[in-house]
Amino acid sequence: MALSILNEDENAIRDAILDLVRKTIAKRSQEFDEKAIFPRENIELLGQQGYLGMIVDPRWGGSGATYLAQTMVVEAIAAADPATAVIYEVHNSLHIEGIWRFGTEEQKKRYLPDLCRGQAIGAFAITEAESGSNAASMRTRAVKKSDGYHLSGRKMFITSAGEAERYIVFATVDPAFEEKGITAFIVPKTAKGLAFGPPEDKLGIRASRTSEMILDDVVVPMEDRLGAEGEGYPIALYLLDGGRIGIAAQSVGIMTTALERSLAYARERKQFGKAIGQFEGVQWRLADMATDLHAARLMTYEAARRREEGEGQRPLFAMAKLFASEKAVKHAIDAIQIFGGYGYMREYGVERLLRDAKVTEIYEGTSEIMRLVIASRLLKEYDLGNI
């Protein structure tokens, strides 16, 4: 069904990805979740169909599409398989976009084509045990020597760690410099001294591997530094802005499925001689789900349309993620409640909505950090029309 808020081309992209997801990705989603199978075949398929690196210029292997188009793809995938959606989002918004926007011409030529074709998966490594929300306090060191930078440290909670072929790794040339010392590097999985911990046993998005990353004197050639020395922190902030739009879209996808499943069940399930959808208590939940879904989608699409405006729209990106992620959790709980006892059973798949939704309030900026970003701007200058 076409959305009136999209133009003809955007609706065509939306229809095409929804059709692809229904015919392929949706079919094995439950199995991949239950067995924690990394869905590499999904990423390869998306590459073959032209859905990777969508915003990248065609000469580097992308399709030159809008950021909104890529955002709609995240949403569509998440409606069927949130695990594939977050792998896709990190690969595109954090890794590919990082090289495309901040890489040298040689780096783009060398790395982007394989990434856009799905022949290599990209990851993003910034989080540490003592450096989560406060990335400026990271301790992974980058020591510059004659043969390149020597990286040592540990990263944790890294999406696709051990599965991805390439990583954008953030390290500091000197902790005393705080954020001004942080520098970004492109590191291949095959680098000597690079190792990975076992997959974390997570509550949700179980098909997406999350592991620790251990760097033991990993040598990175000078030509694989991403951006200038000391520019890693603003690079990370810029990329995380896009990542937050992606997580908002992931949340919208989860909300879509919560509403669709709840509506179908409310029409079919009968109690006291009539469908439960005729009871006011269920109707109110459905009405709230539909209203919040529409609002979250509008916020996310607006954020995607304004992505190119950069840092000035950072509060808007934060608002979209904050609202969409918290409503996704709320309405996943509503879906379980509408299903009653069946909603609590894994057989029906509704409990998975809550398991997958919860992390959207945490990764790529917690809800608390999103509120801090929004409030900081409000306190400096309150101009909602230009936020």
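The values are calculated or read from the model by the stated rules, or taken from the named source; none is laboratory data. Predicted model only: the values in this text are computed from it and were never measured. Neighbour counts run over all protein chains shown; Cβ positions are idealised from the backbone, glycine included.
Is it true that some residue in segment 83-100 is within 12 Å of the chain's Cα centre (by Cα) and surrounded by fewer than 24 Cβ atoms within 10 Å (Cβ to Cβ)? Scanning segment 83-100, I find at least one residue that is within 12 Å of the chain's Cα centre (by Cα) and surrounded by fewer than 24 Cβ atoms within 10 Å (Cβ to Cβ), so the answer is yes.
Taking the criterion of being polar (S, T, N, Q) and either surrounded by fewer than 20 Cβ atoms within 10 Å (Cβ to Cβ) or outside the structural domain of residue 363 (by TED's automatic domain parsing) (or both), the residues of segment 244-278 that qualify are 271, 278. Every condition in (1) over 25 Å from residue 53 (Cα atoms); (2) in contact with a helix residue (DSSP H, G or I) (Cβ under 8 Å, 6 or more places away or on another chain) holds for residue 274 except the one numbered (2). Of all residues in segment 2-14, exactly one satisfies the criterion of being exposed (fewer than 15 other Cβ atoms within 10 Å of the Cβ) and either modelled with pLDDT of 90 or more or on the phi > 0 side of the Ramachandran plot (or both), namely 12. Checked against (1) in a helix (DSSP H, G or I); (2) in contact (Cβ under 8 Å) with a residue 60 or more places away in the chain, residue 296 meets all criteria but (2). Tell me, yes or no, whether segment 107-121 has at least one residue that is closer than 30 Å to residue 352 by Cβ and in contact with a strand residue (DSSP E or B) (Cβ under 7 Å, 6 or more places away or on another chain). The answer is yes, given that some residue of segment 107-121 is closer than 30 Å to residue 352 by Cβ and in contact with a strand residue (DSSP E or B) (Cβ under 7 Å, 6 or more places away or on another chain).
Report whether or not residue 305 is outside the structural domain of residue 68 (by TED's automatic domain parsing), of a type in the set (D, E, K, R) and within 21 Å of residue 98 (Cα to Cα). Against the criterion (outside the structural domain of residue 68 (by TED's automatic domain parsing), of a type in the set (D, E, K, R) and within 21 Å of residue 98 (Cα to Cα)), residue 305 qualifies. Per this entry, residue 195 is not counted among residues that are touching a helix residue (DSSP H, G or I) at 6+ places or on another chain (Cβ under 6 Å) and either on the phi < 0 side of the Ramachandran plot or not assigned by TED's automatic domain parsing to the domain that holds residue 303 (or both). Of everything listed in (1) surrounded by fewer than 16 Cβ atoms within 10 Å (Cβ to Cβ); (2) among the hydroxyl-bearing types (Ser, Thr, Tyr); (3) closer than 28 Å to residue 52 by Cα, the single unmet condition for residue 111 is (1). In this structure, residue 225 qualifies as in the same structural domain as residue 162 (by TED's automatic domain parsing) and either over 25 Å from residue 78 (Cβ atoms) or hydrophobic (A, V, I, L, M, F, W, C) (or both).
Go through the residues of segment 228-239 one by one and say whether even a single one is in contact (Cβ under 8 Å) with a residue 40 or more places away in the chain and among the acidic types (Asp, Glu). Yes, some residue in segment 228-239 is in contact (Cβ under 8 Å) with a residue 40 or more places away in the chain and among the acidic types (Asp, Glu). Residues in segment 269-285 that are under 34 Å from the mean Cα position of the chain (by Cα) and free of Cβ contacts under 8 Å to residues at least 40 places away in the same chain: 277, 281, 283, 284. Across segment 114-129, which residue is surrounded by the fewest Cβ atoms within 10 Å (Cβ to Cβ) among those that are over 18 Å from residue 17 (Cα atoms) and among the small types (Gly, Ala, Ser)? Per the stated criteria, the residue is 129. I'd like to check something: does segment 358-371 contain any residue that is assigned to a helix (DSSP H, G or I), surrounded by fewer than 16 Cβ atoms within 10 Å (Cβ to Cβ) and over 16 Å from the mean Cα position of the chain (by Cα)? Within segment 358-371, one or more residues are assigned to a helix (DSSP H, G or I), surrounded by fewer than 16 Cβ atoms within 10 Å (Cβ to Cβ) and over 16 Å from the mean Cα position of the chain (by Cα). Counting only helices (runs of 4 or more DSSP H) that sit wholly inside segment 36-131, not one has at least 2 residues that are more than 20 Å from residue 14 (Cβ to Cβ) and in the same structural domain as residue 171 (by TED's automatic domain parsing).
One line per residue, one yes/no per condition, for (1) over 13 Å from residue 289 (Cβ atoms); (2) in contact with a Ser or Thr (Cβ under 8 Å, 6 or more places away or on another chain):
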residue: 322; (1), (2): yes, yes
residue: 329; (1), (2): no, yes
residue: 333; (1), (2): no, no
residue: 337; (1), (2): no, no
residue: 340; (1), (2): yes, no
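Scan segment 217-231 and give yes if some residue there is in a helix (DSSP H, G or I), buried (at least 16 other Cβ atoms within 10 Å of the Cβ) and touching an Asp or Glu at 6+ places or on another chain (Cβ under 7 Å), otherwise no. Looking through segment 217-231, none of the residues is in a helix (DSSP H, G or I), buried (at least 16 other Cβ atoms within 10 Å of the Cβ) and touching an Asp or Glu at 6+ places or on another chain (Cβ under 7 Å).
Close contacts from segment 244-268, counting a first residue that is aromatic (Phe, Trp, Tyr) and a second that is modelled with pLDDT of 95 or more, with Cβ to Cβ under 9 Å and a gap of 6+ residues or different chains, come to 265/276; 265/277; 265/335; 265/338; 265/339; 265/342; 265/343; 265/350.
Within segment 318-353, the set of residues being touching a Gly at 6+ places or on another chain (Cβ under 8 Å) and either part of a helix (DSSP H, G or I) or more than 16 Å from residue 259 (Cβ to Cβ) (or both) comprises 318, 321, 335, 336, 337, 351, 352. Among the residues examined, residue 281 does not qualify as part of a helix (DSSP H, G or I), surrounded by 18 or more Cβ atoms within 10 Å (Cβ to Cβ) and either out of contact with any helix residue (DSSP H, G or I) (no Cβ under 6 Å at 6 or more places or on another chain) or in the same structural domain as residue 357 (by TED's automatic domain parsing) (or both).
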